[in-house]
Amino acid sequence: MANIENRNFITLDISGKNYLSWVFDVKLHLSARKLRQAIDEENIASNDECAITRIFLRHHIDDGLKCEYLTVENPLEPWQNLNDRLEHLKAVVLPKALND
């Protein structure tokens, strides 16, 4: 089981080309660690849970994106900003994938 925990997934590319798989991986990872509430709208996470989630998100985004969220303390804010910026890719990527 330790081997599964040691596997990391790729960082979110600044272009967003891997956004859909990245979102899926982040949600799975945070859910497994019982940190998912830190990126939910209600955001009922404790300060420690938010800090761990922030560290995790920063570790898994492109360096160019890290600069944008350098001073943000609430992990929900970059999560929502990235979603607002890149969610349109679902409309482009998913239909293409379904037709391939």
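The values are calculated or read from the model by the stated rules, or taken from the named source; none is laboratory data. What you see is a predicted model; the values in this text were computed from it and never measured. Cβ sites come from the backbone with ideal geometry, for glycine too, and all protein chains shown count toward neighbours. For the accessible areas, the whole protein counts, side chains as well, though only heavy atoms, and no ligand, DNA or RNA atoms are used. Shrake-Rupley method; radii C 1.70, N 1.55, O 1.52, S 1.80 Å.
What number of residues within the range 7-27 satisfy the criterion of being under 10 Å from the mean Cα position of the chain (by Cα) and farther than 10 Å from Leu86 by Cβ?
Total meeting the criteria: 6.
So how many residues does the range 58-68 have that are under 13 Å from the mean Cα position of the chain (by Cα) and open to solvent by 20 Å² or more (accessible area, probe 1.4 Å)?
Our first condition is that a residue be under 13 Å from the mean Cα position of the chain (by Cα); within the range 58-68, this holds for 58-62, 65-66.
When the remaining residues are screened for being open to solvent by 20 Å² or more (accessible area, probe 1.4 Å), the result is 58-59, 62, 66.
Number satisfying all stated conditions: 4.
Which residue, of Asn47, Asn43, Asn74, is among the polar types (S, T, N, Q) and free of Cβ contacts under 8 Å to residues at least 12 places away in the same chain?
Answer to the selection: Asn47.
I need the full set of residues from the range 30-46 which are more than 14 Å from the chain's Cα centre (by Cα) and open to solvent by less than 30 Å² (accessible area, probe 1.4 Å), in order please.
Ala45
What single numbered condition from (1) over 15 Å from the mean Cα position of the chain (by Cα); (2) at pLDDT 90 or above; (3) of a type in the set (D, E, K, R) fails to hold for Glu77?
The failed condition is (1).
For the range 33-71, give me each residue that is assigned to a helix (DSSP H, G or I), among the polar types (S, T, N, Q) and more than 19 Å from Phe9 (Cβ to Cβ). Don't jump to the end; show me each part of the working.
Restricting attention to the range 33-71, the residues satisfying the condition of being assigned to a helix (DSSP H, G or I) are 36-39, 47-59, 63-68.
Applying the additional criterion that residues be among the polar types (S, T, N, Q) yields 37, 47, 53.
Residues satisfying the conditions are Gln37, Asn47.
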